[in-house]
Structures are given as C-alpha cells and as structure tokens.
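Asks: Can you read through this structure? Questions will come right after.
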Amino acid sequence: MHLNKYAEGSKIFINLKEDELRERNIVSKKEKNLLAVTYFLLKICLFLLAFISLIKIGNITQLRISRLKEIKDSYIYEKDRFKNLTNRLDNLLSHQGQQRFMKDQDQMISHDVMRVIWR
C-alpha cells in the first residue's frame, strides 16, 4: 500500500513536472517570438539607417563635385586672364612698347582730366 501511495504520488509529481515543462515551453516560445520580433525591428532600423546614410553621402558628394567644378571654372578664367595680362606686359616691354602704353593710357583716361607725362 505504501508503494501504491508512493507510485500515485510520483505520478502526480511527474504530472506536475510535465505541466511546469509545458508552461516553461510556452514561456520560452513567447520569449523566442519576442526576441525574433525585436531582432527583426533592429534589422529594419539598421537598414533604414544605412539607406539614409547612403542618401546623405550621395548629396554631399554631389555638392562637393559642384563646388569643385566652380573652382575649376574660376581657375580656368583666372588662368586665361593671367595669360592675357602677361601678353600685354610682354608687348609693353617689347620694341616700341612705350607708344603702345601711351595709346592704352589715352583710351583709359577721360579727355577732361589733366594729364602729366614725364619724358
């Protein structure tokens, strides 16, 4: 009889353990689902962050390229201007450059202004 009571008690104990295992299994499934959803949301956030970063990098690159193009155009303009002025200076210092300089000065100075020319 005592064995029968122990056997019945152990069956109840085993049933209790099985119920606890089922509850723990259900809890672990809920935890797994929660972790899966959390990881999925984290992946989405990181993907959005990467996408937005790529868009920003594209805009910044386009801005830098346009600025570099402006600098290049300005450099070419100043280079051409320098060549033109260098040629004018060379012409001024060349043979009979003084007469050319005086002609240029006549064009630059208005007629109603008194001029003094030292010779």
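Quick note: the coordinates plus some simple rules give every number you see, no bench work behind them. Please read all numbers here as calculations on a predicted model, not as lab measurements.
Asks: What length, rounded to one decimal in nm, is gained on full extension from Asn91 through to Phe51, with 0.36 nm per residue of separation minus their alpha-carbon distance?
Replies: 8.4 nm
Asks: So what is the diffusion coefficient of the range 36-81 in µm² per second by Stokes-Einstein at 20 °C and 1.002 mPa s, using a Kirkwood Rh over Cα pairs?
Replies: My calculation gives 160 µm²/s for D.
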